[in-house]
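Input: a single structure, listed below in structure tokens.
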Amino acid sequence: MSYNRWSRRRVLVATGGTAVLAGCSTDDDSASNGQDDGSENGADDSEPDEDGPEADGSEPDENDTDEDELEPESDEDSEPDEDDSEADEDSEVEEPDLSEFTLRVVDANGEPAEAMLVVGEGEPHEADIPLEFTGVTGSEGYHHNRIYENEYTIEIDHPDYEGTTIEHSHDGPSEVTVELDVVVDDSAEGDSAEDDDPTGAEEPDHAELVLRAVDPDGDPIQGAVVRGEGEPHEADIPLEFTGITGGDGYHYNLIYENEYSIEIDHSDYEPTTVEHTHDGDHELTVELEPE
């Protein structure tokens, strides 16, 4: 090193002290240059170090990690939804078919029994279907209805007859005949009428009601539940009836002549109530609005 410093002094003296030999430096110059180079190189190195994580994708790595952590959660959340929807579809129970049910009531001589009150109740079913129906037999002893295929307990009753209960397995269109025994009355004939109806009020006539449920396009609505309730009457008569519309939208019944409020209900439509004066055979069409 002493040789280099001496050589540089000789050159500086000869040139007026302004020239510097290439490749020759003093210890101070080398130190300062080392610091400058170091600082510049350090800055260059430090900037990549600071920028390095961004350039190397360290922050995206963290984001990627978050996305990776979130994606399985979203997948886990979505899978139960699909499973739940599939479970809901599997849990939907198909309704049984509707079919015609005809009941004929006769007395011990085989003669038709008119004005028999018919009340049916079905076994609980896994599908959400009406389980009850009611009606009255006509002059020929018939009660017509459309009911869901199911197991039913059916009661037939009248003040002048011994009430009867039957079990009916409804698995398709069917007709059942039931025989009732007349109630034996030991009292005098003149007193029997007063005992049966102290008011002496005469029962109104029966007449057929045909009700058809349709949508706004006039197409029939199947499975609409029909419930009718009559005004109180001075005679002791049934005031209520129920039934279900068939595939053609019709419900048939035989009811006493009276004033009725009739409600028609279906799960896909707005319930509708109509006021009906039943003073003879009537056909009534009711339009239901979709929900």
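A few remarks follow.
- Looking only at segment 245-282, residues that are touching a Phe, Trp or Tyr at 6+ places or on another chain (Cβ under 7 Å) and of a type in the set (A, V, I, L, M) come to 1 in all.
- For segment 234-255, residues that are closer than 18 Å to Ala115 by Cα and either among the hydrophobic types (A, V, I, L, M, F, W, C) or in contact with a strand residue (DSSP E or B) (Cβ under 6 Å, 6 or more places away or on another chain) (or both) total 12.
- All conditions but one from (1) over 26 Å from Phe241 (Cα atoms); (2) at pLDDT 55 or above; (3) over 34 Å from the mean Cα position of the chain (by Cα) apply to Gly138; the one that does not is (1).
- Of all residues making up segment 142-187, the number that are of a type outside the set (Asp, Glu) and without any contact (Cβ under 8 Å) to a residue 24 or more places away in the chain: 7
- When residues of segment 90-126 are limited to those that are of a type outside the set (A, V, I, L, M) and under 14 Å from Ile156 (Cβ atoms), the one nearest to the chain's Cα centre (by Cα): Glu121
- Checked against the criterion of being modelled with pLDDT under 80, out of contact with any strand residue (DSSP E or B) (no Cβ under 7 Å at 6 or more places or on another chain), of a type in the set (Val, Ile, Thr) and in the same structural domain as Asp236 (by TED's automatic domain parsing), segment 192-199 contains one or more residues that satisfy it.
- Residue ranges of strands (runs of 3 or more DSSP E) in segment 210-269 with at least 3 members more than 20 Å from Ile154 (Cα to Cα) and not small (Gly, Ala, Ser): 258-266
The values are calculated or read from the model by the stated rules, or taken from the named source; none is laboratory data. Predicted, not measured: the structure shown is a model, and the values here were computed from it. All Cβ positions, glycine included, derive from the backbone under ideal geometry; neighbour counts span all protein chains shown.
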